[in-house]
Amino acid sequence: MKYAIIIDAGSSGSRALVYAFQTDPAQPTKLPAIRQISNTKVKPGLSTHSGDTQDHLWRDHFQELIDSARQAIPINLHRETPIFLQATAGMRLLPTSKRSQLLENTCKTLSKHTEFIITPCEEHVQVIDGDTEGIYGWIALNYLTHKLDGDEDKDNDGDGDNSVSNRRKDLTPYGFMDMGGASTQLAFVPTREDQIEQHDDDMYKVTLRNNAGNDVDWSVFVSSWLGFGANEARNRQLDALVNALPTGVDYDKDGDGKMDLTDPCSPVGMKTDVKYKDQIFTVTGSGEYEGCLKTIYPLLLKHLPCESEPCLFNGVHAPSFDFSAEKFVGVSEYWYTANDVFKLSGDYNYKDFERATQEFCSTSWDVIEERFVNREYGENLTMDLLKTSCFKASWIVNVLHEGFGMPRLGLDDTVDNDKGEPQDDEPIFKSVNNVDGHELSWTLGKMVLYASSQIPSVDNNAGEVGIVPGSTILKLKQNQKDHSQVRPSNLDVEVSSHSVLVTFSMFSLMAFVFYYYVISKHGSFQKFWHRLRTNCKTEFTNRGDSDEWINLEEGRGRSLGHHMSSTDSLEGTLRTRSTMNLHELPSMRSVSVPNSPKINSSSSNGVSCVPSAGSLSAGAGNGNGNDFSFQPDQLKHSFTYSSFRDHTAKIGKFNPVNFKLGNGSNASLKSSNN
């Protein structure tokens, strides 16, 4: 028997789940046997400890979790037992720098205070994205329902042949649907080979290893829709109600200073105050189920185009569903809403669910409150959850049938597939909270992957157990990673007492060096200033109007005016590093500024008024220094023109000799291939 610890670091708290696992050679086509033996929770979430020291992090968050795990695992196996911390929503929202620092502190804390395996840290302490969480949920669901086991009748040697043609119908994996407060997720394996081949680049390859040591591959499509969870969808719906109001119309019906709105997605008579842009709105429910569905349908953003068909919602395309063969299981809000309010969890029937939703929404809020006081909705349902139940039930109907295109069973008794065959007796969709008494948690999916990876492979050329994204997914993730590195969020800018001290020390050192240079070179600041003014004095010989002088200092760009033609003026405007990127340079390889005199960039006194030239060559064309040639292959960043003033420069005979790399500029996304 072996053990592993999975820490689910969520937004509201962390859970340490201890699993025991072992292989059974007598069942070669099955995966390792896994059982959960401990589950300990602490609050608040790990993300709230971003500023804590390692000692505080241990005492306030991890000590209770680890002490519980120690008691569940035999002491002689502690040093052989790994810990995997998988952080989700709360940690995803932290700024990058704070998140990285907290992950590092977590690893150091667990390494210092525990004897469990925690290294290498990048593999044991991670923030997982929505797709990974969805795949873990898919693995956990199908592990508990034995859909990932091989067919012993067809696969006695356990060689892992998992093709659709070789798969028994009752071993077709379930599709996994999860709806939380912020996002909703879908993960499923298409049952049609043509859909797998067509969308191969858009899917993940999940590799597991059975007891015989053979690898089994699954092509899983996964998508996560942030902002389409039940709570976020509710916020968007209320925003849409407010934004639909015409301007200039007073909707304060009772003169209390609050604008009055009617909400079809709330029970009759329920009142809720909502603040929007410094204005308070009183939202009163009308309980119109059909009107609610019409109101929330646009929130799916079905109008957004997809790269290819079929298109689900919010511009996401997916393999075609075959609901005659593919069955789905919903968790979280799919189960809570159906079970706590309507007592309709389990097999889903559209007609029954719609009738229950319509009845609840059209009920007076006073009656619903009385039922709540009498505990008719059970012990687990809070008043806040009850207030949103009408909307959540309507949103579930909207996502299932309009978003995913699921047929309305109960309204239509049969569903035909492409071959015209009627569906079997198993419902297309069901909502669950556990499977045969076992908690359905994505942490089990992570555990299945780890336990499977501990089995030696019988094939020396076999790959590794794990999750591999398709090429399209990999490219998208890399682009997102590059974007976050090139254009970091403003949230990542942190100012601490330490950084302020370092900055002050650097400026003090620079000031001291400058002072020493001036005194040693010129004797006094007065002499230095006199020489600087003499060398940099500007002479206007053609025009006396100083307002016409062109200022192109770092961070500003102004039109060159009527002194240059549209061609010579670089399209009329010189732009700063925030707008001019490397990809724009090929069309500007030779830019001529006629009749411009040479600018003296240094003085005999050793005080330079103009910095030395950057990646620009001058004086090559007609021998008089009038031609410039850009060399874009030498410029790896966006650029700006530097400040220039010289006593030989003439208004109307403009000659920007020098430009430099923008200070602190990052490589443009559009020039990343250069």
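Bear in mind these aren't lab numbers, they're just calculated from the coordinates by the rules spelled out. Keep in mind it's a predicted model, so treat the numbers as computed, not measured. Here the Cβ positions follow ideal geometry from the backbone for every residue, glycine too, while neighbour counts run over all protein chains shown.
Starting from the Kirkwood radius over alpha-carbon pairs of the range 302-343, derive D by Stokes-Einstein at 4 °C in a medium of 1.567 mPa s and give it in µm² s⁻¹.
D, rounded to a whole number, is 102 µm²/s.
What distance in nm separates the two pseudo spin-label positions at residue 50 and residue 471, each 7 Å out from Cα along the beta-carbon direction?
3.8 nm
Anything over 28 Å Cα to Cα? Flag those among 43/446; 41/147; 271/302; 98/387; 41/446; 343/446, in the order listed.
Cα-Cα > 28 Å for 41/147; 271/302; 98/387; 343/446; rest within.
May I ask you to order 177-190, 504-517, 252-265 by the average number of other C-beta atoms within 10 Å around their residues, highest value first?
177-190, 252-265, 504-517
Provide the net charge surrounding residue 223, with neighbours chosen by a C-beta distance below 11 Å and charges set as Lys +1, Arg +1, Asp -1, Glu -1.
Taking every other residue near residue 223 into account, the sum is -2.
Could you please state, rounded to a whole Å, how far the C-alpha centre of the range 180-239 is from the C-alpha centre of the range 90-107?
26 Å
With r as the distance between the Cβ atoms of residue 194 and residue 383 and R0 = 60 Å, compute the FRET efficiency 1/(1 + (r/R0)^6) and round to 0.05.
E between residue 383 and residue 194, to the nearest 0.05, is 0.75.
Extension gain residue 253-residue 217, at 0.36 nm per residue separation less the Cα-Cα distance, in nm?
The residue 253-residue 217 span can extend by a further 6.7 nm.
Going 7 Å from the Cα of residue 92 in the Cα-to-Cβ direction, what parts of the range 429-443 have a backbone nitrogen less than 15 Å from that spot?
Under cut-off, by backbone N: 442-443.
On full extension of the chain, what length is gained from residue 302 through residue 276, given 0.36 nm per residue of separation minus the C-alpha to C-alpha distance?
Extra length from residue 302 to residue 276 when fully extended: 6.8 nm.
What is the extension gain from residue 347 to residue 115, computed as 0.36 nm multiplied by their sequence separation minus the C-alpha to C-alpha distance, in nm to one decimal?
Taking residue 347 through residue 115 to full extension adds about 79.0 nm, to one decimal.
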